[in-house]
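Input: a single structure, listed below in structure tokens.
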Amino acid sequence: MRRFIKLLFIVLGTLSGLNTFAQESTPKHDYDFYFHWGYNRSQYSRSDIHFKGGDDFDFTIKDVSARDVPERFSTDAYLNPKKITIPQFNFRLGVKIDDKWAISFGWDHLKYFVRRDQDLIIDGRIGAVGGDFAGNYDNQLTNIPGSFLEMEHTDGLNFIHLNADRIFKLYEKKWFKAQFVTGFGTGPVCPWTDTRLFDTFYRNPSIHFAGWGISVNASPRVTLFDRFFVEGLFRVGHIQLWDVMIIRNKYTAAQKINYYEHNITAGFIFPLNPSKNGNSGTITPGTR
């Protein structure tokens with residue numbers, strides 16, 4: 001929860017700067033601030049994972065299968081303010097700069113869990129630290145039980161990214177809007193990884209900057225009374241992790257992940273300029 005609060009302050013500061021710049025540079029526009037919160041499910045491509053451990057090991061496990069880890073629904077898990085960051089959530093703050101474009105900053109809290117007991121190809125070397133699994137491997141098909149490898153980014157495969165979105169109007173009445181939103185996002189990926197390697201468990205003490213991600217998204221959105229909206233988002237992305245921490249400064253891993261995510265979110269819109277059509281409400285001398 002403390003990580004979430006720190007990120008919230010950073011995002012609010014960023015958006016405050018964006019809003020100040022927007023008002024100074026183009027004062028004729030009305031800007032809307034918005035935020036939304038929701039929950040996601042995700043699917044992952046197979047991924048090669050390269051484990052690097054100096055003299056102890058240097059090997060790659062190929063085509064590893066993984067899944068997400070959705071939290072079973074309960075009012076305590078999803079409605080308790082102290083626990084709302086436990087499920088797979090999506091949080092976003094943004095500024096709508098006109099009727100067509102919005103810029104936002106968000107946090108996709110994905111979860112990634114390597115499936116256990118897979119038959120996979122290993123290439124590389126494992127020293128004495130590997131015990132029964134020590135040896136040289138030349139693209140050998142090998143059973144990988146939980147005693148060999150358990151790996152999860154389940155305290156978050158956290159994609160923290162800046163997004164630019166294009167908004168298309170589909171249908172509009174005074175109190176109701178139907179829109180379609182498409183966009184592109186990029187930013188750092190900061191997983192919190194736990195690993196069991198050669199039957200030794202390594203729990204990392206903190207979130208860790210490990211790589212970068214890019215994504216494209218599309219979503220239908222329904223807005224009511226210009227203040228409340230519900231959105232169903234579909235995102236396709238690529239994540240490249242070059243420094244997954246197993247033991248700091250000793251054991252690391254690297255992998256590339258393609259993923260598909262869908263989520264549903266609900267949000268609120270707050271006008272940043274109370275004026276309409278660029279009129280600030282100030283009476284100009286000589287006018288009434």
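State to the nearest 20 debye the size of the charge dipole of region 191-242 about its Cα centre, where the only charges are +1 on K and R beta carbons and -1 on D and E beta carbons.
60
Before I look further, what does region 30-119 give for accessible area per residue, probe 1.4 Å, in whole square angstrom?
46
Ranking request for peptides 180-187, 192-199: highest mean number of other beta-carbon atoms within 10 Å first, then the rest in descending order.
By packing density, highest mean first, the sequence is 192-199, 180-187.
Between Gln240 and Asp58, what's the calculated FRET efficiency when r is the beta-carbon distance and R0 is 25 Å? Round to 0.05.
0.80
Provide Ile122, Ile269 ordered by accessible surface of protein heavy atoms (probe 1.4 Å), highest first.
Most to least solvent-accessible, the answer reads Ile269, Ile122.
Near Lys177, which aspartates and glutamates are there with a Cα under 16 Å away, not counting those fewer than 8 places off in the same chain?
Asp32, Asp98, Asp99, Asp226, Glu231
Assuming R0 = 35 Å, can you tell me the calculated FRET efficiency for the pair Asp138 and Phe209, based on Cβ-Cβ distance, to the nearest 0.05?
The pair Asp138/Phe209 has a calculated efficiency of 0.55.
Go through Lys83/Lys111; Lys111/Lys256; Lys111/Lys250 and tell me which ones have a Cα-Cα distance over 20 Å in this structure.
The pairs that break the limit, which is 20 Å between Cα atoms, are Lys111/Lys250.
Can you compute the modelled spin-label distance between Phe225 and Thr186, with each label point 7 Å from Cα toward Cβ, in nm?
4.0
One-quarter of the Cα convex hull surface for region 78-234, in nm²?
So the Cα hull casts an average projection of 12.5 nm².
Let me cross-check Arg125: its accessible surface, 1.4 Å probe, with only protein heavy atoms counted, in Å² to the nearest 10?
Counting only protein heavy atoms, Arg125 exposes about 90 Å² to solvent.
Might you report the magnitude of the Cβ-based charge dipole of region 114-191 about its Cα centre, with Lys and Arg at +1 and Asp and Glu at -1, to the nearest 20 debye?
Dipole size: approximately 920 debye.
The values are calculated or read from the model by the stated rules, or taken from the named source; none is laboratory data. Since the structure is predicted, the reported quantities are computational estimates derived from the model, not experimental observations. Note that each Cβ is placed from the backbone with ideal geometry, even for glycine, and that neighbours are counted across all protein chains shown. Ligands, DNA and RNA are stripped out before the accessible areas are found, and what is left, the full protein with its side chains, is counted by its heavy atoms. Shrake-Rupley method; radii C 1.70, N 1.55, O 1.52, S 1.80 Å.
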